[in-house]
Amino acid sequence: MNDFIPLVVIVPLLGAALCVVAARSRRVQRVVSLVALSSNVITAILLLVEVDDEGILVSQAGGWRVPIGITLTVDRLSAVMLVVSSLMLISVMVYAIGLGDEEQRFSAFHPIYLALAAGVSASFVTGDLFNLFVAFEMMLVASYVLLTLGGRRAQVRSGMTYVIISLIASTFFVTALALLYASTGTVNMAELADRIPDLPDGVRLGFSLLLVVVFGIKAGVFPLYFWLPDSYPTAPGAITAVFAGLLTKVGVYAIIRSQTLLFPPDDRQGSLLLVIAALTMVVGVLGALAQDDMRRILSFHVISQIGYMIFGLALFSLAGIAGAVFYVVHHIAVKTSLFLVAGLVEFRTGSGRLSNVGGLVRSAPAVALLFAFPALSLAGLPPFSGFIAKFALVDAGIDDGAYLVVVASLVASLLTVMSMTKIWLAVFWGDAEAASVDRRLRASRSPLLMSIATGFVVAISLALIVYADPVYDYAERAATELLEPAQYVEAVLGGDDR
Amino acid sequence: MFVLLALHLVVGVSIIASGRILGRRAFLVAAIPALAMCAYALTRAGGVLDGDPVTESYTWISGLDLAIDLRLDAFALAMVALVSGVGLLICLYSLGYFADDHDGHDDHDGDDDQSIADGGSPEPPPAVGRLAGVMVLFAGSMLGVVLTDHLIALFIFWELTSVTSFLLIGNDDRQPRARVAANQAIFITGGGGLVLLAGLILIGQSGGTYLLSELAADPPSGGMVNAGLVCVLIGAFTKSAQAPFSSWLPMAMVAPTPISAYLHSATMVKAGVYLVARLAPIFAVDGVWRPLVLVVGAVTMLIGGLRSLRQHDLKLLLAYGTVSQLGFMMLLFGAGDFHIAEAGIVLLLAHAAFKAALFMVVGIVDHTLGTRDVRHIGRLGRGWRPVLIVGVVSAASMAGLPPLLGFISKEKALDGYLEHADFGGGTAVLIVIVIASVFTFAYSARFVLGLFGMFRDPATAPHAADDVPAGHAPSVAFWLPAAVLAVFTVVAGVAPVIIDRLVEAATVALYPSSEPKPVELWAGFTVALALSLLIIGVGVALTLARSPVEEWQRRSSKLLAPLPSGEDGFVAVLTGITVVARRLTATLQNGSLPIYVAVIVLVAILAPLTGFITEFDSLPDWFDTPAHVAIVAVITAAALGASIVHHRIAAALMLGAVGYAMAGLYVAQGAPDLALTQFSIETLSTVLFVLVLRFLPRTWRVRAPALTTPLRLLVCATVGVGVFVFAIVSSTSRSDVDAPSMSEEMIEAAEPEGKGHNVVNIILVDFRGWDTMGEITVLVVAAVGAVSLARPGRRRDDDEAPVFEEELDALDEPIDDGAEAEEVWG
């Protein structure tokens, strides 16, 4: 099973290569994409089952031993991230095929989307900090291209912000890598975990903060998130869903991984992260309240909810991290589906501006339903997955006496309810406005494929209600694993004859 | 019981799905779950009343101690009777209400006589079906609230009632007032719900359990519990429309009348009272509970009664009356004494019966006459007699007249506070109850007088006929459900023995060791009776002198006008939040790339610096050879120059100079291969820069350079100095780690294992080939992206997309943003 790990990166890359070759046939491209992405879903599920039974999986790329080769590892956190992300990637691909538009107009769409998929998977499976940088670059360069694929003025403009800030983050990441290598002589994460405790206090603190900042930019935490709401809303319809659902979560994953694995418990930035979490939650949701466009509202909510995940991590307790893991899983499904619904709304009405649409509960009750479930979930209303996640975090927070952050999270939660009802009131209730329609998007009925893809993602988030018990148990096991990094280090270094 | 809750879900969803086909018949289907629940409750009533609760349990998430534990005890049984019994009647009533009316459009303010147009839409909207479906879902949620023993499960159902009532209140969604009312309701109850959640978790964590039955057995105490209780009470107050959270309830009257009758007589608003009733036996004795509940309840009871007295809209009159009665119930259940709570249970039943009936009466009037403003209602004809009788009987029960159920509840309440209020403030509460009961009498009278057309004002009611034509009378089916309730009011009043067992068992369910007094109409010549007579007497006087009282009210309300009402408060809070949100976001999310970059860069340097600086104790030698000095001087000068000039090509060339000088540094360090690579990269990128910059204006505008240039230099210097410190500190700390570097092992392994002499090559293609694969992908993707972005004229068919030159203009814009941003800095 260990040898399956590289497949989650290689298969999409092979698919991407095939799609470049088959640039002239959209049908071949579609088949290749769907096959590659489904293969990832299957591999990810197999890995998850295996890792849950057998413990952490390790594979050395190219068979080169630690430390000269690159380590690939899958632990429970990686496995669940792989499963959720691969499910989202294939759903959004199906949706994109249904939507047409960019997917039809650009033969580059499929290969680049697959490269993005490879980058996302590579980030989750790598056990090497430099390779994480490479995975980030794959993901980011693919996202630059997808963001600006339409070539519209607003896209190029916001792409600029996105590219420049991402490059700055990359520069800092490379700098951090160089510095880490300079002081420890390695970039293998297990070796780093082994060696960092020997460093002086101030240096450990410095590295810890530097990595928080680097990954914080990608995750979109306060005060490093500015690029996110400016760029996400302009991306092509289906693409925003993947960006919002997955990309920032890769940053969150990296924060969780680096904070739990690399630094000894004393150096973890608990209280700082709690403050960041509180500010991120509140500032993000206030940003959402100031918007009047569906995608912009949802983009700001991405930020706010990153705050919740950081909140769970920052407690560094079993319940906190388990809550954070559950929150990430829930959030990816819910956020992706909301953006897909926003796409459906735009597809039907030609606009996502709240003032331009209305009355969809009558003209498109199915879309209203597809919006209602994830929206209620996002707002943390029971019994939806968002409630479970929020309850887990608030429970853990109160248990740890982190009252201020709990209050912040509840305030943010109320404001989230407000902005979801704002969308509901404007888009689904009221009279239909005469919309100014972007002709390219005008249509009378949502094509089946888009709705099916959206429905599938919504169904995943609903399944989290029914299977909350096993999923939460899994999250707890993942958290246990994260809080005992010795397991990870042993899995990578222990079996080696060095 | 799970089956029955699931039945509500299934029936509700199917009705919504098939609303278009069913039309108003949906309410017949909606009656099925209510009927089933009633039947179930009846079959279990025997055992439950004997103190033998039915329990069922389902573990949801064991790791979080989340479970749905259902427990049907006698108090829950009483609530079920309200929820499902009244629910059943409401369903039947709705059949009449929505007859020849497919959209429930009749709801508008009394002041606003225009009926809201249907819009004449070709297909009837599924609003009625949807309404019935959501009502079933709501009923299921409400049953969940009263049936769970687990606090978090209770919370889950509690929030579900908030969401479903949001949908019910806003059902007529094309009416702006309905949307606003729904929004306000969910904001207040949803906000209260979150506070409640925090409170429940605090209590649950202190008690070690979320089960009410276990908490009752072993009540926790302490600061955390008190904080939790305050939170829980706030949640309960919002739900039960207590001051200062009561504004949403009157606004919610915009909902169709059957919904108002259901939500505000028997269900939704009673949830808060229910929770208080459940927790009072456990926590009332302790700390903050009693003062908080009693003060809030008393204020609510008084204010609700007073405001009710000045309403012209019968429905609003009832709404404020409901607020007042809810305050009354808080006073009874919150006291934490079983005698008083017993009165509360009787009141719960009495209120459900009379308030639902009164709402139904208003609905009938409104539906038939098209108005519910007392100034527009004329004398009602013969056919109206049953409706009037129901109205009078129910209002009399509300006013507390014998021999009706309302009288018994009031009597018991007075008796409870007279005889058993052995806590501070008991007498004050008693006085409040007496005064507020006078108000209750007065607004009940006002309701009856209004119904009989005594307030008709021909001046303001141009189209109200003097007498309503007889043919316009409501049908039997329409008023029958209300009549059933009125009959209950009378029978239970005359022969309270029929509810005695339920009330007694419910009291024992709340207070296990209590010995409640029997419920009886005639308790002898007591002080309570004297107070009842006093209330009636003053009430009659107040009603007779209603003109001066109204005048006084009008003046006092003018006097009070500058004080914020609950509604104003809500609007102020909402506006405040929006304003703060907009200002904050406009400041933070200002769209200026230079500011974003500056903030991010400063954070990225200053935060880690706090750690690294503490280990910064020794500087290495400044330079090895004089060549270093020269090279560093070039780098510094070129870097400074690049950040000062406003000429694009010059800036690009200076960046190139930095790169070449770096290569020089590599040469000086003895790494010619690295230097060579650097040279080629710099050459290539400088050429590319110049090629691209040809298309852009040669310079860019800078506003207020005197200020922004130093700031930019400061940021640059911070980065330079910061990274310098990082580098020094991290390389000096290498000695603390006693392990070989990767590079050493790689060099060792290169020949024997990698079969190559050039270590760099071996690393790139063998050892770290996985990285290389990724980097190749990056390059290919970038190339493909550049091609697809720059392919000229690729969208000739799409007239909205810019052509190539325009795109380049667009590329230019963020730099203009820079200029704007710098203005912000100024």
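Along the axis of the charge dipole computed for the protein assembly as shown (Cβ charges of +1 for Lys and Arg, -1 for Asp and Glu, origin at the Cα centre), the listed residues A:ILE196, A:PRO67, A:THR126 are led at the positive end by A:THR126.
Computed from phi, the 3J(HN,Hα) profile of the range B:264-270 under the Karplus parametrisation 6.51, -1.76, 1.60 (θ = phi - 60°) reads 10, 10, 10, 10, 1, 5, 7 Hz, with x in place of Gly and Pro. Relative to the longest principal axis of the Cα atoms of chain B, helix B:385-399 runs at roughly 70 degrees. Burial of accessible area (probe 1.4 Å, heavy atoms of protein chains only) in the range B:612-633, relative to its chain alone, reaches at least 30 Å² for B:PHE612, B:GLU615. Remark on the range A:64-187: Rg and Dmax equal 16.8, 51 Å (Cα only). The fraction of accessible area contributed by carbon and sulfur in chain B is 67 percent, rounded to a whole number (1.4 Å probe; ligands and nucleic acids excluded).
In this structure the amide hydrogen of B:ASP69, modeled in the peptide plane, comes within under 5 Å of the amide hydrogens of B:TYR58, B:ASP149, B:HIS150, none closer than 5 places in sequence on its chain.
Placing unit charges on C-beta atoms (Lys and Arg positive, Asp and Glu negative, everything else neutral), compute the dipole magnitude of chain A about its Cα centre in debye, rounded to 20.
Dipole of chain A, to the nearest 20 debye: 2420 debye.
Using a probe of 1.4 angstrom and keeping all protein chains present, the accessible surface of the protein assembly as shown works out to 35 square angstrom per residue. Exposed loop sites were defined as trypsin sites (Lys or Arg not before Pro) in DSSP loop states (anything but H, G, I, E or B) carrying at most 16 other C-beta atoms within 10 Å; in chain B the longest segment without such a site runs B:1-693.
Summing Lys, Arg as +1 and Asp, Glu as -1, what charge do residues with Cβ under 13 Å from the Cβ of B:HIS264 carry, B:HIS264 excluded? Walk me through the numbers on the way to the answer.
Values: positive: B:LYS239, B:LYS270, B:LYS315, B:LYS355; negative: none.
Spelling it out: positives minus negatives among the neighbours equals +4.
Under a model in which nothing but the beta-carbon of Lys, Arg (+1) and Asp, Glu (-1) is charged, chain B shows a dipole of about 3260 debye around its Cα centre.
Applied to the range B:739-747, the Karplus parametrisation 6.51 cos²θ - 1.76 cosθ + 1.60 on θ = phi - 60° returns per-residue 3J(HN,Hα) values of 7, x, 7, 3, 4, 4, 5, 5, 5 Hz, with x for Gly and Pro. Remark: accessible surface ordering of B:TYR58, B:TYR40 (largest first) is B:TYR58, B:TYR40, probe radius 1.4 Å. Dimensions of the range B:142-262 along the principal axes, based on C-alpha atoms and rounded to the nearest Å, stand at 50, 26, 17, largest first. For chain B, the longest principal axis of the Cα atoms and the long axis of helix B:497-510 meet at an angle of about 30 degrees. Pick out, from B:SER731, B:THR636, B:GLY664, the residue whose Cα sits farthest towards the positive end of the charge dipole of the range B:593-737, with +1 on the Cβ of Lys and Arg and -1 on the Cβ of Asp and Glu. Value computed over the given set: B:THR636. Across the options A:SER271, A:PRO223, A:THR454, the greatest Cα extent toward the positive end of the charge dipole of chain A (unit charges at beta carbon of Lys, Arg, Asp, Glu) belongs to A:THR454.
The angle separating the long axis of helix B:626-644 from the principal Cα axis of greatest extent in chain B is about 40 degrees.
Please report how far the C-alpha centroid of the range B:430-450 lies from that of the range A:71-108, rounded to the nearest whole angstrom. After rounding, the separation between the Cα centres reads 65 Å. A 1.4 Å probe over all protein chains sorts B:HIS150, B:HIS646 by accessible area into B:HIS646, B:HIS150, starting with the largest.
Cα centroids of the range B:37-83 and the range A:242-288: 43 Å apart. A probe of 1.4 angstrom, applied to the heavy atoms of all protein chains, finds B:ASP771 with accessible area near 10 square angstrom. For the range B:135-199 and the range B:248-316, what is the separation of their Cα centres, given in Å? So the two Cα centres are separated by 15 Å.
At 222 nm, what helix-only mean residue ellipticity would chain B give, in deg cm²/dmol to the nearest 500, using -39500 (n - 2.57) for each DSSP H run of four or more?
Taking each H run of at least 4 residues, the total per residue is -23500 deg cm²/dmol.
Between A and B, roughly 10000 Å² of accessible area is buried in total, ligands, DNA and RNA not counted and the probe set to 1.4 Å. Pop out the carbon and sulfur fraction of the accessible area of chain A as a percent, whole number, probe 1.4 Å. Accessible surface attributable to carbon and sulfur in chain A totals 62 percent. Couplings 3J(HN,Hα) of the range B:542-553, computed from phi: 4, 5, 5, 8, 5, 5, x, 5, 4, 4, 4, 4 Hz, in residue order, whole Hz [Karplus 6.51 cos²θ - 1.76 cosθ + 1.60, θ = phi - 60°; x for Gly and Pro]. Assuming charge only on the beta carbon of Lys and Arg (+1) and of Asp and Glu (-1), the dipole of the range B:746-790 about its Cα centre is about 200 debye to the nearest 20.
Using the Cβ-Cβ distance between B:GLU751 and A:ASP53 with R0 set to 41 Å, the FRET efficiency works out to roughly 0.50.
The values are calculated or read from the model by the stated rules, or taken from the named source; none is laboratory data. Fair warning: this is a prediction, and the values are worked out from it, not measured in the lab. Methodologically, a virtual Cβ is constructed for each residue, glycine included, from the backbone with ideal geometry; neighbour enumeration extends over all protein chains shown. All accessible areas refer to the heavy atoms of the entire protein, side chains included, with ligands and DNA or RNA removed. Shrake-Rupley method; radii C 1.70, N 1.55, O 1.52, S 1.80 Å.
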